[in-house]
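Everything on this sheet refers to the single structure shown next.
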There are 2 protein chains.
Amino acid sequence: MSLKDLTAKNIFLHKPYIPGKQPSNFEQTIKLNTNENPYPPSPRISKSILKQIDALARYPNSSADSLRLTIAKLHNVDVGQVIVGNGSDDILNLCVRCFSDYSKSIGMFDPSYSLYEVLGSMQGVEVKKFAFSDPKFEIEPEIISQSGTNLFFLTSPHAPSGRIYNNSIFSSALHQYSGILVIDEAYADFAPFNALSMLNESKRVIITRTLSKSYSLAGLRVGYALASSGIISILNKVREVYNVDRLAQHIAEIALNDREYFEKTKSNILSVRENTHQIFTKWNWKTYESGANFLFTQPIDSRGLFGEEIALNLFNFLSANNVLIRYFPSNPLTSSFLRISIGKQEEMDMLLNLISKWKTTDQQM
Amino acid sequence: MSLKDLTAKNIFLHKPYIPGKQPSNFEQTIKLNTNENPYPPSPRISKSILKQIDALARYPNSSADSLRLTIAKLHNVDVGQVIVGNGSDDILNLCVRCFSDYSKSIGMFDPSYSLYEVLGSMQGVEVKKFAFSDPKFEIEPEIISQSGTNLFFLTSPHAPSGRIYNNSIFSSALHQYSGILVIDEAYADFAPFNALSMLNESKRVIITRTLSKSYSLAGLRVGYALASSGIISILNKVREVYNVDRLAQHIAEIALNDREYFEKTKSNILSVRENTHQIFTKWNWKTYESGANFLFTQPIDSRGLFGEEIALNLFNFLSANNVLIRYFPSNPLTSSFLRISIGKQEEMDMLLNLISKWKTTDQQM
């Protein structure tokens, strides 16, 4: 039998998720493409990590009890409403495995986080993608409620635009929809408000969070979900029993408890985001109001033109100058825009200098 | 709709894996129940870990390139023949997701590692369990080749007996079987030989390894598989792109490269295993020749009796004295035995003293 015949049919046809580019040499690159945090994580980590090394010989706490308690206190929910994952991607995967099958389809808006579709494909289930009908990326609750799906993924703040949504939209969606609604709040710490109050409105809502962005821990792989205890019990059935390692549990807890450091780095990022947004606005570049640690902006070239070719041109120009940002060519709502993670002010200054150079020369055509 | 109606049918019926007991207080417990390594991991780790903390703000290398290169060199295989997982449990899960579906069933011997069945249940596929026909836990290659399965899991050295298998058995199985054979070598570093040469015999064999046992890194969650590059490519389609975090990649590489420390702790464990085995033999306790870091032994009480009740009695007695070992009651081939992880000599001495006390009193009935 060929390897093709030996492979599960949906996996043979499956196209994996493609992550953002990771450079081999960080020193020479300004990395603004995967919405990481430009600051190091809490300095408290180094002080206590060495004591944890010898304990690595022992399996981790399989239910991450201490970390879950910290998360529960932070959000004022019961510890039974918390599950921790090897990154929030792990949690999203658990949602798909638990709440979709041959007769239970998945819904998502397009564009949003492309991993939802990848996870559905791995599960071999139907994924219904609903194109946003306007460039504001408005969510119409009726689309969710009439989707005929069992599980629906929303990204809030939206990616890649960064726009925020009022809770009344989720409230209305939950009221009309009979399935399970996942609100992926990967970027919510950078937004003026969040959807946590939805947990009181429905036992069918799952809110996912990550420590990869606001806590400077993309390299550690820790995410979590908040939901009703009934939902969490089901997700736990599929969770790998030791999915989060000892160091990750320990470091995540320290980072979550260091509120002062969290607020300081967050406020730096918000202020750099505001400065950068103002400059784009001064240039007349259409830029979405962002509740995330990135900006989605439509570049205008020296001739005053914008569009797919212009965006791609600036993307390539920056890439050639070791500045990594993200470009999403496949969708008309995104193909004339670029997504730029918020780095440190000095990184953004270098970026803006490069763009100024690009803006005022005719090199692009 | 009820949560039951919203849950995928196979998940609603699914029974999760139950991990070995993890005590909350290590100081008061002698922990010999989950085959961890009693020694701390390589001392080189502490020296270099602090430099890694700040880099945690960045996503890990998504294909663990440097770690995979280290593994490839260690086993003298091509780097394209290596995949790294969040523990070898992650790899076993990838095998199930890639090579089983509604028409492709899974095979395994009973007893062996119970997770295989759990993963099959999560996938919603048929798992065929073949009971060992004799107490020697012999593998008959015909059972594999005539199983009608697409994917077969073998544990070598066997768990929970610890017995080793000659490669001629695997060779013969691979020759007759048309499916994919996984040889789970979690404990192979403690055995006199291993099955790596099978990689040259077949493109349908997958050998899984873990750093949880021989490298003292159960708390870190790093495992890997070696197979043909065709198999590895398919497994990679389903692997979460950032499944192994930065610290785990870094620490695993250090541990794999510190051969001197590895050999030293391994030889300590082999020598303590031998000492303990000799004592059990002196007591006339039937004990399997072990190629792993545990012993599987049949306790005899003060009246000279053995059996299910006797084994359970000693298990409970040790547990009451804060010594954790493992008991497998459900199978007649295991229910009169106990599985004891090899700890440090002083831990084994305390264990043996406690057993001597139990052996010479009538408290057990």
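Every read-out reported here was derived from the displayed coordinates using simple, explicitly stated rules and does not represent laboratory data. Please read these numbers as outputs of a predicted model, since none were measured by experiment. Positions of Cβ are generated from backbone atoms using ideal geometry, with glycine treated the same way; all protein chains shown enter the neighbour counts.
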Checklist outcome for this item: With the charge dipole of segment B:1-114 built from beta-carbon charges (+1 for Lys and Arg, -1 for Asp and Glu) about the Cα centre, the Cα from B:Pro60, B:Ser100, B:Ile83 projecting farthest to the positive end belongs to B:Pro60
Checklist entry - What range in chain B is the longest one free of chymotrypsin sites (Phe, Trp or Tyr not before Pro) that are in a loop by DSSP and have at most 13 other Cβ atoms within 10 angstrom? => result B:194-365
Checklist entry - Given a Förster radius of 41 Å and the C-beta distance between B:Val79 and A:Glu142 as r, what FRET efficiency does 1/(1 + (r/R0)^6) yield to the nearest 0.05? => result 0.20
Checklist entry - How high is the relative contact order of segment A:51-257, in percent, with contacts defined as C-alpha pairs under 8 Å that are six or more residues apart? => result 28 percent
Next on the checklist: Taking A:Ser66 in one copy and the same position in all the others, each labelled 7 Å out along Cα→Cβ, what are the pairwise distances from the first, in nm, shortest first?
Outcome noted: 2.8
Checklist entry - For segment B:143-278, what is the charge dipole size about the Cα centre, in debye to the nearest 20, if Lys and Arg each add +1 at the Cβ and Asp and Glu each add -1 at the Cβ? => result 200 debye
Checklist entry - Rounded to the nearest 5, what is the percent of antiparallel bridges among the DSSP beta bridges in the protein assembly as shown? => result 45 percent
Item to check | Cβ-placed point charges (K, R +1; D, E -1), dipole of segment B:57-258 about Cα centre in debye, nearest 20 | outcome: 380 debye
Item to check | All lysines inside 18 Å of A:Lys357 as judged from Cα atoms, apart from same-chain residues fewer than 8 positions distant | outcome: A:Lys282
Item to check | Alpha-carbon centroid distance for the pair segment A:118-136 / segment A:277-347, whole angstrom | outcome: 25 Å
Checklist entry - Among B:Ser197, B:Pro160, B:Pro19, which residue has its Cα positioned farthest towards the positive end of the charge dipole of chain B, with +1 placed on the Cβ of Lys and Arg, -1 on the Cβ of Asp and Glu, and the dipole taken about the Cα centre? => result B:Pro19
Next on the checklist: Tell me which trypsin sites (Lys or Arg not before Pro) from segment A:272-365 have a DSSP coil assignment and no more than 10 other beta carbons within 10 Å of their own.
Outcome noted: A:Arg303
Checklist entry - In Å, the Kirkwood hydrodynamic radius of segment A:66-169 over pairs of distinct alpha carbons? => result 15.1 Å
Checklist entry - Label-to-label distances across copies for B:Lys286, with labels 7 Å out along Cα→Cβ, in nm, shortest first? => result 7.9
Checklist entry - Per-residue ellipticity at 222 nm for the protein assembly as shown, helices alone: DSSP H runs ≥ 4 residues times -39500 (n - 2.57), over residue total, nearest 500 deg cm²/dmol? => result -11500 deg cm²/dmol
Checklist entry - Computed on alpha carbon atoms, what radius of gyration and Dmax characterise segment B:126-173, expressed in Å? => result 10.7, 29
Checklist entry - Other chains' Cβ within 10 Å of A:8-14 residues: what's the mean? => result 6
Checklist outcome for this item: Relative contact order as a percentage, chain B, C-alpha pairs under 8 Å and 6+ apart, gives 22 percent
Checklist entry - Across peptide B:242-253, how many C-beta atoms of other chains are within 10 Å of each residue C-beta, on average? => result 5
Checklist entry - Gap in Å between the Cα centre of segment A:31-45 and the Cα centre of segment B:1-76? => result 23 Å
Next on the checklist: Can you tell me what share of the DSSP beta bridges in chain B is antiparallel? A percent to the nearest 5 is fine.
Outcome noted: 45 percent
Checklist entry - Along the charge dipole of segment B:122-268, Cβ charges K/R +1 and D/E -1, which of B:Ile180, B:Ser214, B:Ile234 sits furthest on the positive end? => result B:Ile234
Checklist entry - What does the convex hull of the Cα atoms of the protein assembly as shown come to per residue, in Å³, rounded to a whole number? => result 155 Å³
Next on the checklist: 7 Å from Cα along Cα→Cβ at both B:Lys286 and A:Asn236: what's the point-to-point distance in nm?
Outcome noted: 3.9 nm
Checklist outcome for this item: FRET efficiency (A:Tyr102, B:His175; Cβ distance; R0 51 Å; to 0.05) is 0.90
Checklist entry - Each label point is 7 Å from the Cα along the Cα-to-Cβ direction; what then is the distance between the points at A:Lys203 and A:Ser271, in nm? => result 4.7 nm
Checklist entry - What dipole magnitude, in Debye to the nearest 20, does the protein assembly as shown give about its Cα centre under +1 on Lys/Arg Cβ and -1 on Asp/Glu Cβ? => result 400 debye
Checklist entry - Which distances, in nm and shortest first, link the A:Asn166 label point to the same label point in every other copy, taking 7 Å along Cα→Cβ? => result 7.8
Checklist entry - Which residue, B:Lys31, B:Lys47, B:Lys15, has the most motion in a Gaussian network model of chain B that connects Cα atoms within less than 10 Å? => result B:Lys47
Checklist entry - How fast does chain A diffuse by Stokes-Einstein, in µm²/s, taking the Kirkwood radius from C-alpha pairs at 37 °C and 0.692 mPa s? => result 152 µm²/s
Checklist entry - Relative to the present Cα-Cα distance, how much length would full extension add between A:Ser2 and A:Asn331 at 0.36 nm per residue of separation? => result 114.8 nm
Next on the checklist: Given R₀ = 22 Å, what would the calculated FRET efficiency be for A:Lys15 paired with A:Ala131, taking r from the Cβ atoms and rounding to 0.05?
Outcome noted: 0.70
Item to check | Counting DSSP beta bridges with both ends in segment B:57-258, the antiparallel % (nearest 5) | outcome: 35 percent
Next on the checklist: Please compute the contact order of segment B:74-173 in relative form: average sequence separation of alpha-carbon pairs under 8 Å and at least six residues apart, divided by the residue count, as a percent.
Outcome noted: 28 percent
Item to check | Test item: B:97-107 mean partner chain Cβ contacts at 10 Å | outcome: 4
